[in-house]
Structures are given as structure tokens and as C-alpha cells.
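Values quoted throughout were computed directly from the atomic coordinates according to the rules given, and no laboratory measurement underlies them. This one's a predicted model, so the numbers in the text were calculated from it and none came from an experiment. Note that each Cβ is placed from the backbone with ideal geometry, even for glycine, and that neighbours are counted across all protein chains shown.
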Amino acid sequence: MNPQTAAVPTPSPAAEDFMPLNGIDHVELFVGNASQAAFFYTRAYGFKRVAYRGLETGSRERVSHVLQQGRIRLVLTGTLQSDSEITGHHTRHGDGVKVIALSVPDAAHAYREATQRGAKGVTEPHEITDDHGTVKLATIRAYGETLHTFVERGGYDGAFLPGFERVDDGTQDSGMLLTIDHIVGNVELGHMDEWVKYYEDVFGMTEMLHFTDEAISTEYSALMSKVVTSGDGRVKFPINEPAEGKRKSQIDEYLEFYEGPGAQHIAVATRDIVGTVTELRSRGVEFLTIPDVYYDEVPARVPDVADQVGDLRAQGILVDRDDEGYLLQIFTKPVGDRPTLFFEVIERHGARGFGDGNFKALFEAIEREQDKRGNL
Ligand code: FE2
């Protein structure tokens, strides 16, 4: 069985781009303990700590550590008060993605277009200023309690945003991870198409069409997935919903433990996945294990990597291909206590898919972990 995947963006219906996106500006997680989360992501994942906001900077409600690696910016935010919105969010969801912030040339324009096209506004366009300049922000709702913030940086030259202090604590950008490739959202059964439509309507994104054996991938993955992408492909958001499969869906498990829809995984790109995963493992990052027999078929499925199979097998890296090339990918175990948010490391060689051909092997691996938690 060799499901083929090809991903081709459909032509944009609108000639002008009403919602130009420069890319993902940052991803903000609400966490139970921002200091310890920062320790984890710097030590284990190789991020550099670049900015801070907390009591020392005059922030009495929330504390944030800003980490950077390549073009990836993670903001880890906790709270100092029991009546903060963060407390409630964390009580419901555990550690999770709160904001997927998008860099835009004009935040007010983006907010106006988005809300006129059906997005629910959360924070109207506003400016924040410090000695380094002015940043314009505006926020709309996405799936569940997740938000999208539009960030217009203009000529701002501070460490992150006004209100944050630059940090130079000796942590280094390890150079392993370069950029965010995609961020996946899990939504409830029957809601995937509604959220695909939201991204089409509000952001002018288009669905990437997959030519894959859906019956096979759904049987094993127990999920339905569609991918929306911005015109230039810089921002890609796969949206999953549960489906009937061989076992209880991992999406159902996520929705149960996240207590609603939310971001399931952040995929980060690397140029050397074998070296990166070797290093991440040595730093303590744990990955899903892949059945050894998976690798028996790899040379036939993806001849390009035949020479590498020994390394891929040793590190548990998955391989998939489509008409345009191949990709290598691996999934971490959940990063928090709940079986919700995790990371993916991906190295693309032409392929623009998301590893659908790996569903069978991947989900066998995920189901083993689910079984250990008594949730299968
Ligand atoms: Fe992914």
C-alpha cells in the first residue's frame, strides 16, 4: 500500500490579496510556570532567551519569556494572579497555544478586512510605544479559545514588543530549528469545513488539494484533515477533525484533554533532521517511537533516501513523498502534562504535503502511547 500525496494550491479566486501576511510573527503559549517552560525550551529545544516581561519590568499580572531560534519566536506566558484570564485558560486547557500572531504590513487594515469578512474581533487596532518605536496590534478569534494577533512592526527595533526588556543571559540559538512550517488546529467533529471556510473567507487562504487514498489514511489516522495556505505558502494551517477509524481518534483524546479545540502541533523546519533529532534527543527531547518494520518498506517507497535508511531508523524519522519530492518528519511526545500540544520537526526536499502517507505508521505509534495512558 503506497498512498501518494500531492499538494497543489488552488488558484486564488481574488486577484488582489486583501490580507497580505509576512508570516508567523510569534506563537504565545499560556503555561503554568513560564520560568520553567523557558528553561525547558532553551535547554531541550535549543532556543535563545531574548526578551522578558514581569514584575521587574512593571508587569504585575503576567510574566512572559520570549525565546528565539532562527525565525521562530515562542512567547511563554504565565500569570502572577489568580484572577487573571491566564489562570482560567490554564485551568481549562493546561499548557497550550493561546496566540498565533501574524506579521502584517498594516494591522488596522488586516483587522478591518478580517472582521468585515466574519472574524470576531477581540482587541481593536491599537499602538504600543517605547524608546525603540511603535508597534500596532489587533486581535481576532480563531478556533476554540485560540487567537490571531496581527502585528505591524514598522521600524520597531526593540527586543520583541514595547514593554519587554531585552535579555542576554548566555543562552544561545542552537541553529537546529529554522522556521515554523505549519501549525495544526484540532476542531470538533463536523467543524473542519467551517474552519477551512473561516480561513478562506477571513484570510483569503486557499485549500491545498491532496490527492491521497483518503479511505486508507482515515482508517488509520481516524482523522479528517484539510490544509489552508496563504497565497505565497508562507502560512499553512492544517485543520483536523475526528473521524471513525480503527481505534479512538487521537483528535478525540486531544479535544477531551484540551477541553475543546486548539493547536495540536507546531511543525518546525530544519535542514538536517538527522543531526537535529540526534541533538534534541541528547538534550532530553522525547519522540514517538516508530515500529522497526516501518523502515523495511522505505527504500521501495522513497528511493531518494535509500542510503539514509540506517540513520532514519536509528532516530525514528518518518519518510513520505509526493509528486514533487520527499519529506522527512518526526513527532515529539506531548510537551506538557496533558496529551495535547506537541512538536514536529520536518525537513522538506520538494514535497509540499504533510506526511499523509505516514498515517498508518504514525498512528500505530500514537495508539501505543494512548494505550499506555488508558485512553484507547
Ligand atoms: Fe504536521
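Taking the Cα centre as origin and putting +1 on Lys and Arg beta-carbons and -1 on Asp and Glu beta-carbons, what dipole magnitude results for the chain, to the nearest 20 debye?
Computed about the Cα centre, the dipole is about 700 debye.
Note down the magnitude of the dipole of segment 176-373 about its Cα centre, charges +1 on Lys and Arg C-beta and -1 on Asp and Glu C-beta and zero elsewhere, to the nearest 20 debye.
That gives a dipole near 540 debye.
Using the Kirkwood formula over every pair of different C-alpha atoms, what hydrodynamic radius in Å results for the chain?
Details: mean 1/r = 0.0471 Å⁻¹.
This gives a value of 21.3 Å.
By its C-alpha gyration tensor, with a ≥ b ≥ c as the square roots of the eigenvalues, how is segment 65-118 shaped: rounded for a/c under 1.5, else prolate for a/b larger than b/c, else oblate?
It comes out oblate by the Cα gyration axes.
Decide, for segment 176-373, between rounded, prolate and oblate: order the square roots of the alpha carbon gyration tensor eigenvalues as a ≥ b ≥ c, take rounded if a/c falls under 1.5, and otherwise choose prolate if a/b is larger than b/c, else oblate.
Here segment 176-373 falls in the rounded category.
Based on the alpha-carbon gyration tensor of segment 49-164 and its eigenvalue square roots a ≥ b ≥ c, which shape applies: rounded if a/c is under 1.5, prolate if not and a/b is larger than b/c, or oblate?
oblate
When the chain is treated as a GNM, springs tying every alpha-carbon pair under 10 Å, which of Ser64, Ser84, Ser35 comes out with the largest mean-square fluctuation?
Highest fluctuation among the options: Ser84.
Output the pairs from Lys120/Lys333; Lys48/Lys197; Lys98/Lys248; Lys98/Lys226 with a Cα-Cα distance over 31 Å in this structure; if there are none, say none. Walk me through the numbers on the way to the answer.
Details: Lys120/Lys333 33 Å; Lys48/Lys197 37 Å; Lys98/Lys248 26 Å; Lys98/Lys226 22 Å.
Over 31 Å apart, Cα to Cα: Lys120/Lys333; Lys48/Lys197.
Once you have the Cα-Cα distance between Lys372 and Arg117, take 0.36 nm times their residue separation minus that, and quote the gain in nm to one decimal.
Extra length from Lys372 to Arg117 when fully extended: 87.4 nm.
Determine, from the Cβ-Cβ distance of Thr91 and Arg283 and an R0 of 22 Å, the FRET efficiency 1/(1 + (r/R0)^6), rounded to the nearest 0.05.
Working from the Cβ atoms, E equals 0.15.
Test of understanding: in a Gaussian network model of the chain with alpha carbons linked when under 10 Å, which of Thr77, Thr276, Thr129 would top the mean-square fluctuation ranking?
Residue with maximal mean-square fluctuation among Thr77, Thr276, Thr129: Thr129.
If R0 is 45 Å, what FRET efficiency do you get for Glu200 and Asp130 from their C-beta distance, rounded to 0.05?
Working: r = 37 Å, r/R0 = 0.82.
The pair Glu200/Asp130 has a calculated efficiency of 0.75.
Pick out which of Val187, Val167, Val66 has the largest mean-square fluctuation in a Gaussian network model of the chain, springs linking Cα atoms closer than 10 Å.
Maximum among the listed residues: Val167.
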